[in-house]
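The values are calculated or read from the model by the stated rules, or taken from the named source; none is laboratory data. Keep in mind the model is a prediction, meaning the values are calculated, not measured. Heads up, the Cβs are rebuilt from the backbone with ideal geometry, glycines too, and the neighbour counts pull from every protein chain shown. Ligands, DNA and RNA are excluded from the accessible area calculation, which covers all protein heavy atoms including side chains. Shrake-Rupley method; radii C 1.70, N 1.55, O 1.52, S 1.80 Å.
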Amino acid sequence: MNPHDHNFKNLFLDFPKEALAWLFPEAEQNWGQVINVEFVRQEPKKYSLSDKSLELDMPILFHFEHQQLLLWLVEFQEDKGKFSIYKLL
């Protein structure tokens, strides 16, 4: 896992509205104010308690006055040899 992925995901968890404004500044202009933010990810089961934490994508559901938006943050793998289509799925 790229060490920056974890840091960006923590920023999105702590500041979801600000992160959305940074990535998609027109969202509130187009759909109204953000009413609710929902983190819809689920932690899959580990094979063993000794396993490290799993690398997860992070879907965030933004509820606006007139629309909903699902923002999905996907794990980034720079090393092509470590990329797994199964992890992505």
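Summarising the label geometry, the points placed 7 Å from Cα in the beta-carbon direction at Q67 and W22 lie 2.1 nm from one another.
Can you put H66, H6 in order of accessible area, largest first, using a 1.4 Å probe?
Details: H66 135, H6 95 Å².
Largest to smallest exposure gives the sequence H66, H6.
Just reorder K82, K9, K17 by solvent-accessible area, largest first, 1.4 Å probe, all chains present.
Numbers: K82 135, K9 25, K17 105 Å².
Solvent-accessible surface, decreasing: K82, K17, K9.
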